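Just below is one structure, and these are the notes that go with it.
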Amino acid sequence: MGSKAKVYLPAVFKTFQGFDVVDLKENRVSRSIEVVLEKNEERVHACARCGEALGAMHDRWKVRARHLRLMGWDVWVVFYREKRFCPGCKKVRSEKIEWICDSSPHITMDLAWWLSRLSEATSVLAVSRLEGIDKEACYQVDKFILMRLLQGYRIPDVTRISVDEVYARSKKQMKKGEDRDDLFLTVITDMETRKVIWVSESRKKEALDDFFTLIGSDARGKILVVATDAHEGYSASVRENCPQATIVFDRFHIVQNFNEKLNDERKAEFDSLDKNSPITDEIGDLMRGKYKYVYLTKRTNRTKLDQLHIDEVMSKNVKIAKLEIIKEHFHRMFECTTKDEAQTMMEECFNWAGQCGANSLAVWLEKMLDEERLWNYFKYRVTTGISEGINRVIKGLKWQAYGYKDMF
């Protein structure tokens, strides 16, 4: 009798730890391959729950698990999985199969990693359709891989961080006992590497406290600058956990607050117009809310049509003309090279606001004059601009993760 001929096995089929390939079955109609496995003598049976060595076999069942595609063909792995008595759990448990995904026992780890990589580029629903795998299974696999990656993550040492919040949930998703601050995520970014290093739930002081607790006292002592918006919870956390760090108010959030006050003054002026005056008939419609962004935009960024619009209103309304001067002066303040120059320009804006009757704006400007965290900008020249860009990416990822039921 002649010896049985050996079948060549590609290396991709030799990666099943504790098992040997004993047969390959192909179906040309369904374009699929079945890799039939059999446990080898060196296999050690461990508990899938606690990892302890298992005792005598209690039962076994046939498993048909999906593997990576090969040349456009579906690949399935067929083997027997055993149940044995676990001395640690004191009951019968399934054995651990190292190359099978724990979250989905009918998918191999090679395929699980591939599904996770695809989920980085597109939605889980698209991955499900592309690979012909149940959407819920794709979701569970992606979450399992992400949790594994998170376990090996270490927050790097940083010296300059940007802290900002991103709106994560709608009010409809608010849970019992939560408030509006719980609808946000706190995003911490390293300004040197421009990478997100941590994300905490909510925008409360405790969210940033958790980050500082995680990195430890040594890492906290290395932080020198923290750029953030005017949210007091973040500043309170920095003062408590990193007293040596300088807090810098973000320039763009300051401008945003300034624009809100400026718009309030525009609305107040519009409401104060004499409805019977002929001037009101000429410029009243040009001061309505639908044109508010024309008033808030810097002169250099306006179109010619928008500038003609503003020029016409300013020629008929003195207060709007003065508010335009204050706005342009305020924006030029950030071009100053020193804190003293900037404070002088801010004081001029405050005085002009008081003179033209823009009381709401004047009160805010007076408050900012005493805000040291604003003036720190002219020393360090840092903003949360990188965080704002990352926030847009996070919002895109939220759409990509549409359908995830346990984001929070």
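The values are calculated or read from the model by the stated rules, or taken from the named source; none is laboratory data. The model shown is predicted, which means the values in this text are computed figures rather than measured ones. Virtual Cβ from ideal backbone geometry, glycine too; neighbours counted across all protein chains shown.
Just one of the listed residues (Val35, Val127) is within 30 Å of Val393 (Cα to Cα), buried (at least 17 other Cβ atoms within 10 Å of the Cβ) and either at pLDDT below 95 or among the polar types (S, T, N, Q) (or both), and it is Val127.
A quick yes/no check of all residues on (1) in a helix (DSSP H, G or I); (2) over 23 Å from Ala137 (Cβ atoms); (3) charged (D, E, K, R):
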| position | (1), (2), (3) |
| --- | --- |
| Leu37 | no, no, no |
| Lys62 | no, no, yes |
| Lys83 | no, no, yes |
| Cys89 | no, yes, no |
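Residues Ala65, Ala48: which one is touching a His at 6+ places or on another chain (Cβ under 6 Å), closer than 24 Å to Ser116 by Cβ and not assigned by TED's automatic domain parsing to the domain that holds Leu130? Testing whether each residue is touching a His at 6+ places or on another chain (Cβ under 6 Å), closer than 24 Å to Ser116 by Cβ and not assigned by TED's automatic domain parsing to the domain that holds Leu130 leaves just Ala65.
Whenever a residue of the stretch 374-399 is without any contact (Cβ under 8 Å) to a residue 60 or more places away in the chain, its partners that are of a type outside the set (Gly, Ala, Ser), lying with C-beta atoms within less than 7 angstrom and at least six residues away or across chains, give the pairs Trp375/Lys339; Trp375/Gln343; Phe378/Cys336; Phe378/Thr338; Phe378/Lys339. Taking every residue in the stretch 268-284 that is at pLDDT below 75 and pairing it with any residue that is hydrophobic (A, V, I, L, M, F, W, C), at least 6 positions away or on another chain, the pairs with Cβ-Cβ distances below 7 Å are Thr280/Leu273; Ile283/Val313; Gly284/Leu273. Scoring Lys367 on the criteria (1) assigned to a loop (DSSP other than H, G, I, E, B); (2) loosely packed, with under 14 Cβ neighbours inside 10 Å; (3) not β-branched (Val, Ile, Thr) leaves a single failure, condition (1). For the structure I just gave you, tell me whether Gln244 is within 30 Å of the chain's Cα centre (by Cα), assigned by TED's automatic domain parsing to the domain that holds Gly216 and without any contact (Cβ under 8 Å) to a residue 40 or more places away in the chain. Criteria met by Gln244. Within the stretch 387-406, can one find any residue that is part of a loop (DSSP other than H, G, I, E, B) and over 30 Å from Met174 (Cα atoms)? No, the stretch 387-406 has no match at all.
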